[in-house]
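Reviewing the structure listed below.
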Amino acid sequence: LKQYHDETLSKLSADVIRDLVTWPEKLSPGNARRIREICAWPLATVADNGRVVGVILPEAAPMFFYGTANGPEPRHFTRVAVRKDVAERKGHQYFDFPHKVARLGGLLADLEFLHANKIVVGDLQPHNILTTGCQSANGEVTVRNLFLDCDSFVVAGAAAMPQLDPVSWRPPWQPDQFSDSSDLFKLALMSIRCMAEDLAVTGIA
């Protein structure tokens, strides 16, 4: 259960969030299945006395977690931008450049699919994406990504809540609304930062 706090509730469009939850059902079975594979898409709205107060979210698959002494932790896309020496010092897997490219390429394909189905991610940044690890199973490495916070997506031009994102990920033209173009800008910036192994860089020198 993701329960909204009072500030979010004061700005939430109940009709839009209900439409967002049912959006995959309006698509072909194959497209609906793929959306649920690449997105932690809300399963249902939760109401209190008829007022929408939250959503039910699916549990991410084990492939998106890594083991720690305190139990499994989600593997956010931030890991893809970590330098080798930092990863080794902290005991984390290091994503070498082929692994970086594979995951970034997967994100591009996923974005193209979402845009084709009238879905804009909006707050596209590494903390809102999970990814799989580098270890192989039966000689193969599974490369998958999972979008989080999908209830903030813009679907068919409508957003259930205010369109907010970190300043460090915004396009220089400061769009009033999230769009396909702002998604692609953020993916390009994420690609630069992951390849530079520095989430603070702003361009290519």
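The values are calculated or read from the model by the stated rules, or taken from the named source; none is laboratory data. What you see is a predicted model; the values in this text were computed from it and never measured. Every residue, glycine as well, gets a Cβ built from its backbone with ideal geometry; the counts of neighbours run over all protein chains shown. Accessible surface is based on the protein model in full, side chains and every heavy atom, while ligands, DNA and RNA are left aside. Shrake-Rupley method; radii C 1.70, N 1.55, O 1.52, S 1.80 Å.
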Original post:
For the chain, what % of the accessible area comes from carbon and sulfur atoms, probe 1.4 Å?
Top reply: 53
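Report the FRET efficiency, 1/(1 + (r/R0)^6), for D48 and E73, where r is their Cβ-Cβ distance and R0 is 35 Å, rounded to 0.05. Before the final figure, lay out the partial values.
Numbers: r = 31 Å, r/R0 = 0.90.
The computed FRET efficiency comes out at 0.65.
Counting other Cβ atoms within 10 Å, which chymotrypsin sites (Phe, Trp or Tyr not before Pro) in the range 159-205 have at most 10 and lie in a DSSP loop? List each step's numbers first, then the result.
Numbers: sites: W169, W173, F178, F185; in loops: W173, F178.
Answer by residue number: W173.
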Original post:
What ranking of W23, W41 comes out by heavy-atom accessible area, probe 1.4 Å, highest first?
Top reply: W23, W41
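Can you check what the net charge comes to around A32, using other residues whose Cβ is under 14 Å from the Cβ of A32 (Lys, Arg +1; Asp, Glu -1)?
On the way: positive: K26, R33, R34, R36, K118; negative: E25, E37.
Net charge in that neighbourhood comes out at +3.
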**OP:** Keeping all protein chains in place, calculate the accessible area per residue for the chain (probe 1.4 angstrom), answer in Å².
**Re:** 53
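Tally Lys/Arg at +1 and Asp/Glu at -1 over every other residue whose Cβ is under 9 Å from the Cβ of F65; what's the total? Let's see the in-between values first.
Details: positive: R75; negative: E73.
With Lys, Arg at +1 and Asp, Glu at -1, the net is 0.
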Original post:
When the convex hull of the C-alpha atoms of the chain is computed, what volume per residue in Å³ does it have?
Top reply: 144
**OP:** Report the residues of the range 66-104 in range of a label on A200: point 7 Å along Cα→C-beta, backbone N strictly under 20 Å from it.
**Re:** 77-90
Subject >> Residue list for the range 117-147, given a label point 7 angstrom along the Cα-to-Cβ vector of A87 and an amide N cut-off under 11 Å >> reply: 133-135
**OP:** Provide the FRET efficiency to the nearest 0.05 for the V141-L184 pair, computing r from the beta carbons and using R0 = 22 Å.
**Re:** 0.25
**OP:** Round to a whole angstrom and tell me the spacing of the C-alpha centers of the range 42-101 and the range 155-205.
**Re:** 19
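How charged is the neighbourhood of A156? Take every other residue with its Cβ under 11 Å from the Cβ of A156, and add Lys/Arg as +1 and Asp/Glu as -1. All intermediate terms of the calculation are to be shown ahead of the outcome.
Numbers: positive: K26, K118; negative: D19.
Overall, the nearby charge balance is +1.
Hey, what did the chain get for relative contact order, percent, Cα under 8 Å, at least 6 apart? Walk me through the numbers before you get to the answer.
Values: 293 pairs, mean separation 48.7, N = 205.
Relative contact order for the chain comes out at 24 percent.
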